[in-house]
Amino acid sequence: MDAGCLSSGGMLEELKEQIKELPVSNPLKKPFQGIYDFIIASLSYQNSMKISGVQNGLTNINIEDFVMVLRQLIDREYIIPPPLVGNWNNKIIGWEIQNGDVFIEFLRFVTELLINEWTKFEEDKAEELIAPFRELIQSPDDFKLDIFTLNYDVVWEHCLNSDTERLIENGFSARRWTGVFDDENYPSKLLISKLHGSVDWYFDSETEQVLLSEEPVSEPTIIFGSSNKMQSFDPFISLLSRFRQRLQTSTLYVIIGYSFQDRYINNILIQSLSSKLAGTAIVVDPSAWVSEQELVEKVELTQRAKSLNEMINLTRINPERINLIKKNAKEFYKDYLTDGAEKLKNILEKVEEGEPTF
């Protein structure tokens with residue numbers, strides 16, 4: 001966000017505005033508005049019913065929730081056989097009768113906005129944001145810093161990689177996925193794993209591989225609005241395994257700009273944090289939670305929300321394992337990663353009681 005990209009909540013608000021800006025002559029303007037209002041109302045009602053009819057902070061609806069419902073409307077005949085549910089909502093049938101593949105057109109409209117508008121960033125802001133990492137890379141310390149992101153943008157790669165330098169490793173080589181993060185030809189200190197894909201990833205149907213494009217593509221390979229976030233093919237399955245493995249071997253997690261709405265990610269975080277005697281999660285967020293206790297309570301509510309796709313969700317986090325820092329990403333990077341990351345090292349040394357820094 002500090003580079004100009006939108007948050008998932010901001011994307012949903014912007015979608016509403018983009019529909020309003022469609023010309024009146026566009027035949028999709030009216031059905032898009034109707035579908036938008038219909039899905040938002042449905043999600044709000046669903047959230048109010050998830051835990052004993054009490055909302056308790058579960059009313060935050062974002063673009064992922066919205067697109068998940070949109071996908072379910074597109075694929076509804078494949079999800080639940082019509083005889084089990086009787087006639088579908090008359091509004092849904094009516095939109096399709098009048099406008100054909102209107103839900104597919106709406107999904108295409110949202111995806112185009114994601115690629116061409118919402119994940120775009122301002123060059124100067126991006127460079128300023130990443131500047132503390134450049135400084136850290138130039139320090140004499142020998143370290144590997146793993147960055148795991150649920151974002152689709154290419155801010156990191158754009159700012160740190162070029163034709164002449166490769167300062168951040170992403171697991172691709174010659175634009176093909178290799179899963180190698182320790183390339184001797186490019187000894188990067190920063191390693192980025194994009195758990196939900198990227199706007200410059202695409203699926204090549206001939207080779208059945210996910211490849212890396214030079215630019216964002218029209219149909220990127222991303223996990224966007226999917227109720228099942230765990231994909232059983234590479235790069236996704238390898239990156240998720242890497243994520244879990246690194247959590248198991250690390251004692252300090254720095255969590256920035258994460259709303260704790262992805263239950264499968266929460267499960268991995270909770271289990272990893274509770275499985276070790278020493279471990280701390282720094283949660284960097286300027287406004288979301290009043291205290292560590294409130295954060296823990298809201299995560300527990302999220303984890304208890306019912307879902308058809310999950311048998312069990314873990315719920316318990318010790319608030320003493322959480323350190324809430326009320327800064328945005330830019331402020332945190334500047335404060336904690338400059339001067340050789342001295343401030344972050346001090347925290348880590350207290351957690352590890354003198355063990356190696358990185």
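Values computed for the structure shown
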| read-out | value |
| --- | --- |
| Acute angle (nearest 10 degrees) that the helix 29-49 long axis makes with the longest principal axis of the chain, alpha-carbon atoms | 70 |
| Nearest 10 degrees, 0 to 90: helix 102-113 Cα axis against the chain principal axis | 30 |
| C-alpha long axis of helix 263-274 to longest principal axis of the chain, angle in ° | 30 |
| Rounded to 5, the percent of DSSP beta bridges in the chain classed as antiparallel | 35 |
| Whole-number accessible area per residue in Å² for the chain, which is evaluated in the context of all protein chains at 1.4 Å | 54 |
| Rg in Å to one decimal, and Dmax rounded to a whole Å, for the chain via C-alpha atoms | 21.6, 68 |
| Within segment 161-248, GluC sites (Glu not before Pro) in DSSP loop having at most 13 other beta-carbon neighbours inside 10 Å | GLU165, GLU184, GLU206, GLU208, GLU214 |
| Net charge of neighbours whose Cβ lies under 13 Å from the Cβ of ASN318, counting Lys and Arg as +1 and Asp and Glu as -1 | -1 |
| Ordering of 175-183, 153-161 by packing [mean C-beta count within 10 Å, highest first] | 153-161, 175-183 |
| Mean separation of Cα contacts under 8 Å, 6 or more apart, over the residue count of the chain: relative contact order % | 16 |
| Whole-percent carbon and sulfur share, accessible surface of segment 108-194, 1.4 Å | 44 |
| Qualifying lysines (Cα of each under 23 Å from Cα of LYS16; at least 8 residues distant if same chain) | LYS29, LYS30, LYS91, LYS120 |
| Which of ASP200, ASP234 is most accessible, then next, and so on - probe 1.4 Å | ASP234, ASP200 |
| For VAL283, distant residues with modelled amide H under 5 Å away | ILE255, ASN323, LEU324, ILE325 |
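The values are calculated or read from the model by the stated rules, or taken from the named source; none is laboratory data. Please read these numbers as outputs of a predicted model, since none were measured by experiment. Neighbour counts are summed over all protein chains in view; Cβ atoms, including those assigned to glycine, are modelled from backbone coordinates with ideal geometry. Accessible surface areas use protein heavy atoms only, side chains included; no ligands, DNA or RNA. Shrake-Rupley method; radii C 1.70, N 1.55, O 1.52, S 1.80 Å.
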